[in-house]
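I have placed the structure first, in the form of C-alpha cells, so that the comments after it can refer back to it.
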Amino acid sequence: MSETRTGPLAGMKVVELAQWVFVPSAAAILADLGADVVRIEHPVHGDPYSALTTAGSKNGASAQSARSAQANRGKRSVGIDLRRPGGRELAYTLIREADAFLTSFRADALDRLGMTEAHLTALNPRLVYARGDAFGPEGDESGLPGYDITAFWARGGVGALVTEPDATELARQPPSFGDRISSVGLAAGVLASLLGRERGHAPQPVSASLMGAAAWVTASEIITHDPEAGPGARVTMPPLTGSYRCAGGGWIMLNLMQSDRYWDDFCKHIGAPELRLDERFADAAARDAHAAELRPALAAVFARRTRDEWSAAFATFDGPWAPVQDVTELADDPQIVANGFVRPVPEIEGMRLVRTPFTVGEAPETLPRGPELGEHTETVLLDAGVEWDEIERLKDAGVIT
C-alpha cells in the first residue's frame, strides 16, 4: 500500500478504534481526502467484520474481504492489545500525535480502556474526538448496542417507511445501508471540527448516530406527518410520479412534478396522443382530479414495451425519469463509469471499490486496498519514536503483533 498522501487532509493524522462499518467508513472518507488513518485492532481477533460470513456476505475478489476493504481502504493497521500492560500507553503514543480520534466503542468499554474524551483530550488538547453510536450519546438508552438494521432500519422507521402496509414482513435492508449513510455525517462533523480548530477555535467533540441519521433521511415524513393519520399512513402520489411496470418485468420511474411543463412532450414520447387530447387530463388540476383513471391508462401504455425500449424512447425527453436498475447493473452504468464512482484496486486483481460520494479536486483513478491485520504495526510505531528493542519486547509480551 502506498504511503504517499495527497488531498486536502494530507499531513493530518487520524487514529481509529472502531469495528464493523459505520465509523470505519467515516475514517475511510478522511483517508480518501489524504489523512493518514491508523486503525488500532486487537492483534489476534482484529475487526470481526473482516471475517463476516453471515447475511449473505462472503469474501470478494481475493482473500481480503472486498466489504472490509470498502470500509478500510487506504488505512494502516496496528495490532495492539489494549488490555495488556503497556498496550494502552502504546496507543496513547499514537494519539498524542493525532489530529482526530474516531471510535465506535460503547461508553463503558471506552471508560475501561481509558479511551474516553476526557482521557484523550487531557493527553492531546488539540484532538478532535469523534464517536459514532446506535442511539445517540444522551438518554436512558444511549448505551445500548445496535447495528444499522436495528437502530436505523427498524427503530429509526426507515424499514417501515418503505414497506407496503399489507406486507407479510419488513422490507429487506441492503447490507450496511444505514452505516454508510451515517458515516458521511460523522466524517462531516470531524471535518467541521478540524476546520474550526485550524481557525483558532477549541476543537469540538463530534457525535453521530444511526438513529439520528434515520431521522435525517426521513425528515420529510417527520415534519409533515399528520398525527391523526396514525402510523403507516401513505401520501398518495400523483400519476406522473412513481413507477410503472414494463413488458418483461422491468420498471420505469417518473417524477414529473411540474406536470404542465412536461405533459405534451411526455405524451409524444410514450406514443399516446389520445391522452394529451383527453379533457380529463388537460392540466395538472384535471389530472389530479382524475388520477384514478390516468394511472391505469399509463400502466397499460408502459406495459407495451420493455424497460430498455422505454429508455431508448425517453432518450430525447427532457424531463426527470429513470430506468429502475438492479444494483448489479450499477457498476457498469455509463454515468458511474464516466464519473469514476467505482474504481479498481490495482493491488488486488478483479477488486473494485466505491469511492467517497463527493469529489474534491480530481477524482482518483484507482483506490488502495485495505490493510491486513497489524500490517503496519512496526512502521507506525517506529515513526512514532518507539525504539526497536521496545517493539521486540512488546511483541514477546503479546501486546502487539
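The values are calculated or read from the model by the stated rules, or taken from the named source; none is laboratory data. Computed from a predicted structure; not experimentally measured. For neighbour counting, all protein chains shown are included, and Cβ atoms are generated from backbone atoms with ideal geometry for every residue, glycine included.
Pairs meeting the criteria (first residue in the range 367-378 and touching a residue at least 12 places away in the same chain (Cβ under 8 Å), second residue basic (Lys, Arg) and part of a loop (DSSP other than H, G, I, E, B), beta carbons under 7 Å, at least 6 apart or on different chains) are Leu367/Arg73; Leu367/Arg355; Pro368/Arg73; Arg369/Arg73; Gly370/Arg73; Gly370/Lys75; Pro371/Lys75.
Between Leu30, Leu102, the distinction of being surrounded by 24 or more Cβ atoms within 10 Å (Cβ to Cβ), at pLDDT 95 or above and either among the hydroxyl-bearing types (Ser, Thr, Tyr) or assigned to a strand (DSSP E or B) (or both) belongs to Leu102 only. Among the residues of the range 161-171, is there at least one that is surrounded by 18 or more Cβ atoms within 10 Å (Cβ to Cβ) and in contact (Cβ under 8 Å) with a residue 24 or more places away in the chain? So far as the range 161-171 goes, no, none of its residues is surrounded by 18 or more Cβ atoms within 10 Å (Cβ to Cβ) and in contact (Cβ under 8 Å) with a residue 24 or more places away in the chain. Name every residue in the range 157-181 that is assigned to a loop (DSSP other than H, G, I, E, B) and closer than 25 Å to Leu110 by Cα, in order of residue number. Ser176, the sole residue that qualifies. Scanning for something in contact with a strand residue (DSSP E or B) (Cβ under 8 Å, 6 or more places away or on another chain) and surrounded by 15 or more Cβ atoms within 10 Å (Cβ to Cβ), does the range 277-294 turn up at least one residue? Scanning the range 277-294, I find no residue that is in contact with a strand residue (DSSP E or B) (Cβ under 8 Å, 6 or more places away or on another chain) and surrounded by 15 or more Cβ atoms within 10 Å (Cβ to Cβ), so the answer is no. Of all residues in the range 122-153, count the ones that are aliphatic (A, V, I, L, M) and within 10 Å of Met211 (Cβ to Cβ). The number of residues fulfilling the criteria is 2. Against the list (1) touching a residue at least 12 places away in the same chain (Cβ under 8 Å); (2) part of a loop (DSSP other than H, G, I, E, B), the condition Asp288 fails is (2). One residue stands out in the range 304-337 among those that are among the small types (Gly, Ala, Ser) and closer than 15 Å to Gly242 by Cβ: the one that is surrounded by the most Cβ atoms within 10 Å (Cβ to Cβ), namely Gly319.
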